[in-house]
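Below is one structure, written out as structure tokens; comments come after it.
The values are calculated or read from the model by the stated rules, or taken from the named source; none is laboratory data. It should be emphasised that the depicted structure is a prediction, and the values quoted were computed from it without experimental measurement. Glycine gets a Cβ as well: all are built from the backbone with ideal geometry, and neighbour counts include every protein chain shown.
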Amino acid sequence: MKGYGQFCPLAQATQVLCERWTLLIVRELLAGSSRFSEIQKGVPLMSPTLLSTRLKQLTRAGIVELKGNKNNYSYLLTPAGMELRPIVELMGAWGHRWVRSNLDQEDLDASLLMWDMRRSVDPQTFCRPRVVVEFEYPDAPSGAQRWWLISLENEADLCLDDPGYEVDVFVSCSLKTMTEIWICEKKFNDAVKQGEIEVNGDPTLVKSFQAWLCSSPLSRLGTVDELPDLNW
């Protein structure tokens, strides 16, 4: 990226942070991703080559550091990188309030939605060692219509292939509807009442489902006047 030719600290910061995809990579790292493959899942349209380039740029800038060996790298935020948290949260909150997506087809991505949901659900909501929730999006592209979120011993896992466990809760709706719920543009219960989403399964688990699902952390920020201290 060509520099601005200014000594202004803002200009210097934007030279590092405002290249395409860079802040989204920082978002993924703040959300807990540390392996290359994990970061990729949060930016699925980004090529591996470009992701590698941006990570190297962030490393040279002192925002990211590498841990481990050649075959087992982890990417971690340095203290300088961690100080970007309030910036990312404020931008996310501002975006939720002022520049929301129209959720046209090109903005919908089942894999990104499910990956974001996996790391934000609250497994402790279900008082059982294992709970399996199957999601069906009939309008999603072939190969991305069925997903399984597994809550196992207070950890959440995501599967695109049937894990072979009995399904405790089954959820079916359009990809747009679930995205609207996830980014706090629609309430889960309202979507159920309007027939836009179908939820079946164990009555006790279905009742707890909304509390388990939570919502996008950055979208929650955009619905309050004061920004809370979120645990990603």
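Table: residues versus (1) at pLDDT 90 or above; (2) at negative phi; (3) surrounded by fewer than 21 Cβ atoms within 10 Å (Cβ to Cβ); (4) of a type in the set (A, V, I, L, M, F, W, C).
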{"position": "121", "(1), (2), (3), (4)": "no, yes, yes, yes"}
{"position": "124", "(1), (2), (3), (4)": "no, yes, yes, no"}
{"position": "132", "(1), (2), (3), (4)": "yes, yes, no, yes"}
{"position": "135", "(1), (2), (3), (4)": "yes, yes, no, yes"}
{"position": "141", "(1), (2), (3), (4)": "yes, yes, yes, no"}
{"position": "144", "(1), (2), (3), (4)": "yes, yes, yes, yes"}
{"position": "155", "(1), (2), (3), (4)": "no, yes, yes, no"}
Answer with yes or no whether residue 55 is of a type in the set (A, V, I, L, M), part of a helix (DSSP H, G or I) and either surrounded by 11 or more Cβ atoms within 10 Å (Cβ to Cβ) or in contact (Cβ under 8 Å) with a residue 24 or more places away in the chain (or both).
yes
Check residue 39 against each of (1) in contact (Cβ under 8 Å) with a residue 40 or more places away in the chain; (2) surrounded by 15 or more Cβ atoms within 10 Å (Cβ to Cβ) and name the one condition it does not meet.
(1)
Among residues of the range 159-200 being within 16 Å of residue 108 (Cβ to Cβ) and of a type in the set (Asp, Glu), the residue modelled with the lowest pLDDT is 185
Residue 62 meets each of (1) touching a helix residue (DSSP H, G or I) at 6+ places or on another chain (Cβ under 6 Å); (2) surrounded by 13 or more Cβ atoms within 10 Å (Cβ to Cβ) with one exception, condition (2)
Among (1) assigned to a helix (DSSP H, G or I); (2) touching a helix residue (DSSP H, G or I) at 6+ places or on another chain (Cβ under 8 Å), where does residue 50 come up short?
(2)
Kindly list, by first and then second residue, each pair from a residue in the range 78-92 that is under 14 Å from residue 29 (Cα atoms) to a residue that is among the basic types (Lys, Arg) and buried (at least 16 other Cβ atoms within 10 Å of the Cβ), limited to pairs with Cβ atoms under 7 Å and residues at least 6 apart or on different chains.
88/27
Looking at the range 164-193, which of its residues are closer than 15 Å to residue 146 by Cα, assigned to a loop (DSSP other than H, G, I, E, B) and of a type in the set (Val, Ile, Thr)?
167
